[in-house]
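The structure appears below as structure tokens.
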Amino acid sequence: MGLTTEQVHWIGGALIAATVFLMLLKQSGVLPWQRLDYLLPLLLVGYGIESAADVWLHGDAVPSNYGSEARQHLLQGGVMLAAGLIQGLVLGGTLQHRLWQLAVPLSLAFTGVVFWLHVHQGMEHSMALVMTQHRSFAVSLLVAAGAKAVAVLGGQRARAFEVAWLLPLLLFGIELMIYTEQM
């Protein structure tokens, strides 16, 4: 498709932010449509597919020395895809044990760690900027993961975390939307 790395981040960020905003409207009772619960598994599966298609999305614009980055994207995407499928089965009633719901916070935490350690090649001119942005992504995802884990494990006492975990996830989407590699 010939998209730059920045464009891939911007598009992904816009989709994440829009989806999470709809999830916030659902959780707050503004949009009470039950089917909106399936936005989370769709978002995670979409993230997984986008990560797998990353090199194709770049096409001729794929950065040089992209091998290690592509492998990290596949790792992130595979974990998010699996979490999305598991969450879909949880919502559908196939997986009923509460521990299955930990797939989402675990996938967010894993992806956060990968972002923290993310390797970039050939960006010597803006490496500090790119690394800072990726660490910001990581922190947002790790906070979302922790809050979602509290929501899953905390029971009725942690009801507020059913909404709270979405805020750092929304921030992650916004951070992706303002990603740049230019100093």
At a probe radius of 1.4 Å, what is the per-residue accessible area of R135, in Å² to the nearest 10? 100
Kindly express, to the nearest 10 degrees and within the range 0 to 90, the angle between helix 166-177's C-alpha long axis and the longest C-alpha principal axis of the chain. 20
Between I11 and D37, what length in nm is gained on full extension when 0.36 nm per residue of separation is reduced by their alpha carbon distance? 7.1 nm
Enter the angle in degrees (range 0 to 90, nearest 10) between the Cα long axis of helix 127-153 and the first principal axis of the Cα atoms of the chain, meaning the one along which they spread out most. 10
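Determine the order of K148, K26 by accessible area, beginning with the largest, at a probe radius of 1.4 Å.
Details: K148 15, K26 40 Å².
Largest accessible area first, the residues go K26, K148.
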If you fit an axis through the alpha-carbon atoms of helix 67-91 and take the longest principal axis of the Cα set of the chain, what angle between them do you get, 0 to 90°, nearest 10? 10
Sort D54, D37 by accessible area with a 1.4 Å probe, largest first. D37, D54
Grab the DSSP H runs of the chain that are 4 residues or longer, score each as -39,500 (n - 2.57), total them, divide by all residues and round the 222 nm result to the nearest 500 deg cm²/dmol. -22500 deg cm²/dmol
Please name which of V130, G29, T5 has its Cα lying farthest along the dipole of the chain towards the positive end, using unit charges on Cβ (Lys, Arg +1; Asp, Glu -1) and the Cα centre as origin. G29
For segment 133-150 and segment 31-54, what is the centre-to-centre distance using only Cα atoms, to the nearest Å? 18
For the full complex of protein chains and a 1.4 angstrom probe, list Y38, Y179, Y47 by accessible area with the highest value first. Y38, Y47, Y179
Label point distance in nm, L129-L25, each placed 7 Å from Cα along Cα→Cβ: 3.4
Summed over the other residues with a beta carbon less than 10 angstrom from that of Q27, with K and R at +1 and D and E at -1, the charge totals -1
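How big is the dipole moment of the chain about its Cα centre under a simple scheme where the beta carbon of each Lys and Arg is +1, that of each Asp and Glu is -1, and everything else is neutral? Debye, nearest 20, please.
Details: 8 positive and 10 negative charges, 177 e Å.
Roughly 860 debye, rounded to the nearest 20.
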Could you identify which residue out of T111, T19, T94 has the top mean-square fluctuation in a GNM of the chain using Cα springs shorter than 10 Å? T94
Taking all pairs of distinct alpha-carbon atoms in the chain, Kirkwood radius in angstrom: 16.8
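The values are calculated or read from the model by the stated rules, or taken from the named source; none is laboratory data. Predicted model only: the values in this text are computed from it and were never measured. When we count neighbours, we look across all protein chains shown, and the Cβ atoms used for this are built from the backbone with ideal geometry, even at glycine. For the accessible areas, the whole protein counts, side chains as well, though only heavy atoms, and no ligand, DNA or RNA atoms are used. Shrake-Rupley method; radii C 1.70, N 1.55, O 1.52, S 1.80 Å.
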